[in-house]
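Worksheet: one structure, shown below.
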């Protein structure tokens with residue numbers, strides 16, 4: 001092969017390379033952007049969440065809070081987990097959210113004879129007496145020696161509407177974006193029916 005055909009071949013290869021470089025660069029930028037986004041899934045999942053929480057007081061007062069407004073309220077942190085009727089244990093977790101009692105105060109509060117109905121978007125609901133809202137709920141811990149749960153006393157327990165679990169927003173399976181939790185200063189367990197997922201309504205009901 002003479003030098004002239006070689007030069008033409010080299011020129012053709014260079015032209016192809018110059019055309020391919022912008023496409024390769026664009027592809028690299030797209031890959032890097034995707035890595036940056038998916039490296040922090042928690043930041044994606046909290047952006048512009050469209051979710052409303054309806055509050056209804058026993059006196060007829062009502063309010064609707066967006067997810068952003070809920071997160072702007074005074075936060076409550078604690079620890080807690082739950083167990084199912086089949087004995088499966090979830091947690092304990094570090095949880096963060098807003099106190100049920102504080103939310104009720106936005107619609108007139110609740111008296112000693114009042115209760116609270118917490119409802120979810122899927123139709124599930126659970127009712128809590130005033131004492132339960134104040135933290136009078138049986139708590140247990142897992143006994144590794146026997147493999148069973150044993151009831152134990154507790155302090156500073158309360159119901160909260162949580163939006164973070166172990167430092168991250170809730171997953172869809174965990175009730176994103178709001179779930180009821182029983183939390184305190186100790187890593188104790190409560191019955192799973194109290195951990196209502198996908199909470200979208202809280203109503204104070206007068207029993208007296």
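The table below lists the values:
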item	result
Spacing of the two label points (7 Å from each Cα toward its C-beta) at residue 61 and residue 168, in nm	3.8 nm
Label point at residue 126 placed 7 Å out along Cα→Cβ; residues across the range 156-182 whose backbone nitrogen lies under 13 Å	158-162, 175, 179-182
Distance histogram in 5 Å bins (all Cα pairs of the range 48-206, percent per bin)	2, 9, 20, 23, 21, 14, 7, 3, 1, 0, 0
Cα pair count fraction exceeding 13 Å, expressed as % - the range 146-207	69 percent
Among 164-175, 144-155, the order from most to least packed when residues are scored by Cβ within 10 Å on average	164-175, 144-155
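We did not get these values from a lab; they are worked out from the coordinates using the rules stated. Note that the coordinates shown come from a computational prediction; the quantities given were computed from them, not determined experimentally. Please note: Cβ atoms are built from the backbone with ideal geometry, for glycine as well, and neighbour counts cover all protein chains shown.
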